[in-house]
Amino acid sequence: MITKTNKRQWLKALLAIHCSLFISMALTSCVDNDDDVPINRYTSEKMTAAQFLTENENRVGDFITILKRTSYFAMLSTYGDYTVFAPNNEAIAKYMASYGYKSIDNIPLAVCDTLARTHIIKTKAYFTTDISEGSLGMNMAETYIELSINSDAENNNSVVHYANKVARMVEYDDSVTNGVVHIVNNIIPRTSDKLPDVIKADPTVSIFAEALFKTGLSDSLMAYEDKSYLEWGADKASQDSAYTWNMSLICKAEGADPIQWVQKRYFKFTAFIEPDSIYKLYGINNVEELEAYAKKVYDAVYPEDAGKYDGDYKNRKNPLNRFVSYHLLDRVLPYDEAVMRKDCFKHWDIDKCDPEEFYETMCPGTLMRFSSTNEELYINRKGHKANAEVAGIRVWKSTESGTSLQQAPNGMYHYLDGILAYTTEVRDVVLNCRIRFDSTVLSPDFANSDRPGYGVDKLRGYRLDYIKNWKVMGEKAVIGLHGEGVWWQHYKSNGITVSGIFDLTIKLPPVPKGTYEIRAGYTANERRGVVQFYLNNVPCGIPADLRVGGWDPSIGWVADVSGETQEARNANKAIDKAMHNRGYMKGMDCYWQGAAKENALRNLTNNLRYVLTTQYLDDNETYYLRARQVLKDPDCYWSFDFIELCPKSVYGSPEGEDTH
């Protein structure tokens, strides 16, 4: 019998066996061999997704009828990279019965359109062998498809794949010239309810849901589409010569496809929630007892506020309000994208440190620290692999979290296996570390807007006055997000391109009070320009020449001495110190470009960290980083990788700062 404690390990082992069998049977399985697919796939003799569905009309004919009532059947006949979840006829029949439709012709056209978009991912072909569990990406209805696995006790405990928990994939990985088709036995669920109402409808999280509404924070999670964005007009940026001209230069320089302009702006959210069963382990059986727990935690963290706001639940300094809001992020965050996109994990040296990311929460002045350890996601964990100084709170995978939908058009939520709070331990221990923010997390708009049309190695352009926490000015200034390109010499293989004669101000996320060294990560080349940095409008030294890399003697970059001897370590520390005295640091050694470990960013002369300033930061103050292009050349741009805020306890420690 499989127990709860060993279920995850058993499933991993079973999946590995399944994948091995799958590969060995490839020549006789339903997956096509694509070796003979020509470059021009229109002329291929193989089937498109539309042709595959037609060949299997006896099983998916009703879905074909729905697709043909829209434009999507024709779309699946053309070139592209699609993942199609095709409900079989029994699934469509169950759906119609549940909504009282007597025939497909009775289904309104708008509903057919939504059904079609819900079952198609437009940007990539996702095979079950690509990922064991987690997000397969966003569908054309702009919600995520989550893949989960389980065992089929009636069929020799074979592995079973589900899309969004309830749509079992009865046939999968049918390769077609323009993607892949999976046949499912249920409609993939979707709701029009906003995130607070989806949470409220989940009986397993009733205590948190009551607290969410009691504090009024439910109102903060109701926004979805920014209607004012439509006033800008469709694709105005592509009609504007300043935008088009300048970003086309960047596309050419970075080797990326032409820019994709964000056409709509969305507000989305993520909640991390303890199920009622977890609260009961801590003696919490109702919202009143949760309030008492919150008061104990937050009176200790904010003693100056103790007792002042009790009962004033909508006040942001109320303990219950702080407790709930610390569970909330103002961006959509799938399980396996919390630290970085899944394609990037193979470029991380997990023997050196755990992959991490930091996010500002909706509780003012607070951060969450996310880390991935042994393929599991943790919040506020400190340590490497099993050697954790602070264990943190584990986030449940989809397989562990029942059948509730857990997502809405404006966000999603995840279950936790312990109580999440911004405790004194989190503030003083967990966040007493080098805090590195990838540039793409410095505004929620980079995660929330227009995801279905966004892919790897793409440049996505943004309207300058619609990027939260960013103020962008300047002649021909353009902000573009570069999608994950494994060839790119950037941390997590992505970054923000800031072009033109720009003047950019970014609100920095909050950190615990203390003295910090602030650094900017970037890649250097001759087209990057010269940038003056400021902190709260105070200049950070002289302008930084981003055109100059480690190949220039002025930087002080010297290749590491190889070997694990103490002499080698001492020599490399001396190199780092000499370089730091000039205001520079090498890139990190935990992430590498492409497939080769020897291409660790630390070994690349154009991947650098520029030391901006050292300053005391007060956790009651807001800080802004300003970057101004001082060259009067609109062709120049800043390839912005990340920001580091490193506390004195780390950079000034006797052992010295690690190279990760």
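Condition first: assigned to a strand (DSSP E or B) and either more than 26 Å from ASP428 (Cα to Cα) or not charged (D, E, K, R) (or both). Can you find one or more residues in region 572-584 that meet it? The answer is yes; a qualifying residue exists.
Please state which one of ASP641, ASP633, ASP576, ASP619 is open to solvent by 30 Å² or more (accessible area, probe 1.4 Å) and under 29 Å from the mean Cα position of the chain (by Cα). None of the others qualify; the one that does is ASP619. Among the candidates TYR126, TYR144, TYR172, TYR162, the residue that is closer than 30 Å to GLY483 by Cβ, among the hydroxyl-bearing types (Ser, Thr, Tyr) and touching a helix residue (DSSP H, G or I) at 6+ places or on another chain (Cβ under 6 Å) is uniquely TYR172.
Looking only at region 124-134, residues that are among the β-branched types (Val, Ile, Thr) and surrounded by fewer than 20 Cβ atoms within 10 Å (Cβ to Cβ) come to 2 in all. Take TYR610 and tell me if it is more than 22 Å from LYS352 (Cα to Cα), open to solvent by 50 Å² or more (accessible area, probe 1.4 Å), under 32 Å from the mean Cα position of the chain (by Cα) and at pLDDT 95 or above. For TYR610, the condition - more than 22 Å from LYS352 (Cα to Cα), open to solvent by 50 Å² or more (accessible area, probe 1.4 Å), under 32 Å from the mean Cα position of the chain (by Cα) and at pLDDT 95 or above - is not met. How about region 302-345: which of its residues are more than 30 Å from GLU484 (Cβ to Cβ), among the aliphatic types (A, V, I, L, M) and open to solvent by less than 10 Å² (accessible area, probe 1.4 Å)? The answer is LEU320, VAL324. Residues of region 47-75 that are of a type in the set (S, T, N, Q), within 15 Å of PRO87 (Cβ to Cβ) and assigned to a helix (DSSP H, G or I): ASN58, THR65. Based on this model, can you work out whether GLU146 counts as modelled with pLDDT of 85 or more, crowded, with 19+ Cβ neighbours inside 10 Å, of a type in the set (D, E, K, R) and under 21 Å from GLU400 (Cβ atoms)? Considered against the rule, which asks whether it is modelled with pLDDT of 85 or more, crowded, with 19+ Cβ neighbours inside 10 Å, of a type in the set (D, E, K, R) and under 21 Å from GLU400 (Cβ atoms), GLU146 comes out as yes. The residues in region 76-96 that are over 12 Å from ILE121 (Cα atoms), outside any helix (DSSP H, G or I) and at pLDDT 95 or above can be counted, and the count is 2. The residues of region 257-290 that are among the basic types (Lys, Arg), open to solvent by 70 Å² or more (accessible area, probe 1.4 Å) and either assigned to a strand (DSSP E or B) or touching a residue at least 24 places away in the same chain (Cβ under 8 Å) (or both) amount to a single one, LYS264.
If the condition is being at pLDDT 90 or above and more than 28 Å from LEU645 (Cβ to Cβ), then region 571-603 contributes only ALA571.
On the stretch given as region 579-598, residues that are in contact with a Phe, Trp or Tyr (Cβ under 7 Å, 6 or more places away or on another chain), surrounded by fewer than 21 Cβ atoms within 10 Å (Cβ to Cβ) and in contact (Cβ under 8 Å) with a residue 40 or more places away in the chain total 2. Taking strands (runs of 3 or more DSSP E) as the structural unit, no element lying wholly within region 151-227 holds at least 3 residues that are open to solvent by 40 Å² or more (accessible area, probe 1.4 Å), free of Cβ contacts under 8 Å to residues at least 24 places away in the same chain and more than 30 Å from THR361 (Cβ to Cβ). Taken over region 419-430, the criterion of being under 18 Å from TYR516 (Cα atoms) and surrounded by fewer than 22 Cβ atoms within 10 Å (Cβ to Cβ) is satisfied by ARG427, ASP428, VAL429.
Scanning region 108-131 for residues that are part of a loop (DSSP other than H, G, I, E, B) and out of contact with any Asp or Glu (no Cβ under 8 Å at 6 or more places or on another chain) returns PRO108, HIS119, TYR126.
For region 598-646, filtering for residues that are within 29 Å of TRP487 (Cα to Cα) and aromatic (Phe, Trp, Tyr) leaves 5.
The lone criterion from (1) open to solvent by 50 Å² or more (accessible area, probe 1.4 Å); (2) among the charged types (D, E, K, R); (3) assigned to a helix (DSSP H, G or I) left unmet by ARG602 is number (1). If I filter region 448-458 for residues that are of a type outside the set (Phe, Trp, Tyr), under 29 Å from LEU604 (Cβ atoms) and modelled with pLDDT of 90 or more, do I get at least one hit? Scanning region 448-458 turns up no residue that is of a type outside the set (Phe, Trp, Tyr), under 29 Å from LEU604 (Cβ atoms) and modelled with pLDDT of 90 or more. If I filter region 442-452 for residues that are over 16 Å from VAL332 (Cα atoms) and either without any contact (Cβ under 8 Å) to a residue 24 or more places away in the chain or crowded, with 22+ Cβ neighbours inside 10 Å (or both), do I get at least one hit? No; the residues of region 442-452 include none that is over 16 Å from VAL332 (Cα atoms) and either without any contact (Cβ under 8 Å) to a residue 24 or more places away in the chain or crowded, with 22+ Cβ neighbours inside 10 Å (or both). Across region 346-371, the qualifying residues are those that are open to solvent by less than 30 Å² (accessible area, probe 1.4 Å), part of a loop (DSSP other than H, G, I, E, B) and hydrophobic (A, V, I, L, M, F, W, C), and the one among them that is nearest to GLU621 (Cα to Cα) is CYS363.
The values are calculated or read from the model by the stated rules, or taken from the named source; none is laboratory data. What you see is a predicted model, and the numbers here were worked out from it, not measured in a lab. Here Cβ is always computed from backbone atoms with ideal geometry, including for glycine, and neighbour counts include all displayed protein chains. Quick note on the areas: whole protein, heavy atoms, side chains included, nothing else; ligands and nucleic acids left out. Shrake-Rupley method; radii C 1.70, N 1.55, O 1.52, S 1.80 Å.
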